[in-house]
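Read the structure below first, then the notes.
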């Protein structure tokens, strides 16, 4: 017998070898297919960087604005304090000028008041003299001139001028006004004229 030629070979179907079917592919036997990884979009990357830069710039601008606002607020508060101090100085100077003007006008009037006091030592005032004296005292009182100094007051060198010492007195514990020669006058806290007095000292 002659050997069959290559062209005469018959295909032998091996029942143990199965060709892949659609069911095998569905069950996961399909060959692995690697999909290409998505590459980042260059436009998106550039956009993210630009957004971060804009946010940083906005934050810096806000910080600068807040700093400038704080400086302007401090300047305004300082100017306000300076204005209030200036206003107080002006008011104080105005009051001082008014007191000085009144002081110059009323100082000569004190001599007239001394004359009225000496007249009252001889008895009550009467008639027109009393009316003039009362009116004069009202006028100077309205200008803020007040009198002080009375027997029994503790001697105060800021308010009294001691003309003489009359010795000691067992009834006093400090140097005391015994006699008022001339009343003192002041305007507010300012002494226009010190009271001229005679004083006594306490016994040792």
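The values are calculated or read from the model by the stated rules, or taken from the named source; none is laboratory data. The model shown is predicted, which means the values in this text are computed figures rather than measured ones. Reconstructed Cβ throughout: ideal geometry from the backbone, glycine too, with neighbour counts over all protein chains shown.
Does residue 102 meet the test of being touching a residue at least 12 places away in the same chain (Cβ under 8 Å) and within 30 Å of residue 175 (Cα to Cα)? Considered against the rule, which asks whether it is touching a residue at least 12 places away in the same chain (Cβ under 8 Å) and within 30 Å of residue 175 (Cα to Cα), residue 102 comes out as no.
Being surrounded by 10 or more Cβ atoms within 10 Å (Cβ to Cβ), over 22 Å from the mean Cα position of the chain (by Cα) and farther than 25 Å from residue 187 by Cα: is that true of residue 125 here? Yes: the conditions hold for residue 125. When we screen 139, 200 for residues that are touching a strand residue (DSSP E or B) at 6+ places or on another chain (Cβ under 6 Å) and either outside any loop (DSSP other than H, G, I, E, B) or on the phi < 0 side of the Ramachandran plot (or both), the only hit is 200. Listed by first and then second residue, the pairs with beta-carbon distance under 8 Å, at least 6 apart or on different chains, first residue in the range 114-140 and within 21 Å of residue 194 (Cα to Cα), second at pLDDT 90 or above and not in a helix (DSSP H, G or I), are 114/182; 114/183; 117/182; 117/183. Quick check: is even one residue across the range 84-92 modelled with pLDDT under 90 and farther than 17 Å from residue 193 by Cα? Checking the range 84-92: at least one residue is modelled with pLDDT under 90 and farther than 17 Å from residue 193 by Cα.
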